[in-house]
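Structure first, then comments.
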Amino acid sequence: MAEPDELDDDDVKEQIKNLTRKIRKTPDRAALYVKRGICFGVLGQGKSVLKDFDKAMELGLKPARVFMLRGDSYFDDEQFEEAIAELRAHV
């Protein structure tokens, strides 16, 4: 699978569809939510990013990258206090 930032919007939307199908089959795989969240971020869909990252964390995935990406998403939505809290959790 190519990196989302190397694809055009239609390709990213197709990746989201594929990841959604995989999530329906195996909803307990946190990594799928992270990948789909990154795709949503490429499309500028901040609320969907946070929803998927929240789900990944709920499933037990807490890598530093998730906190960093959540912080970026909050920042993009001009939710600066939330962004700072997420980025502090990252360090």
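The values are calculated or read from the model by the stated rules, or taken from the named source; none is laboratory data. Since this is a predicted model, take the numbers as computed values, not measurements. Heads up, the Cβs are rebuilt from the backbone with ideal geometry, glycines too, and the neighbour counts pull from every protein chain shown.
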task: Scan segment 14-54 residue by residue and report those that are touching an Asp or Glu at 6+ places or on another chain (Cβ under 6 Å) and among the hydroxyl-bearing types (Ser, Thr, Tyr).
output: 33
query: Within segment 44-91, which helices (runs of 4 or more DSSP H) (wholly inside it) include 2 or more residues that are of a type in the set (Phe, Trp, Tyr)?
result: 64-76
message: Please determine whether any residue of segment 63-80 is aromatic (Phe, Trp, Tyr), in contact with a helix residue (DSSP H, G or I) (Cβ under 6 Å, 6 or more places away or on another chain) and modelled with pLDDT of 90 or more.
response: no
- request: Name the residue, out of 40, 67, 75, 80, that is surrounded by 15 or more Cβ atoms within 10 Å (Cβ to Cβ) and free of Cβ contacts under 8 Å to residues at least 12 places away in the same chain.
  value: 75
field: residue 85 free of Cβ contacts under 8 Å to residues at least 24 places away in the same chain and among the hydrophobic types (A, V, I, L, M, F, W, C)
entry: yes
- prompt: When you look at residue 35, is it of a type outside the set (A, V, I, L, M, F, W, C), modelled with pLDDT of 95 or more and under 22 Å from residue 8 (Cα atoms), yes or no?
  reply: no
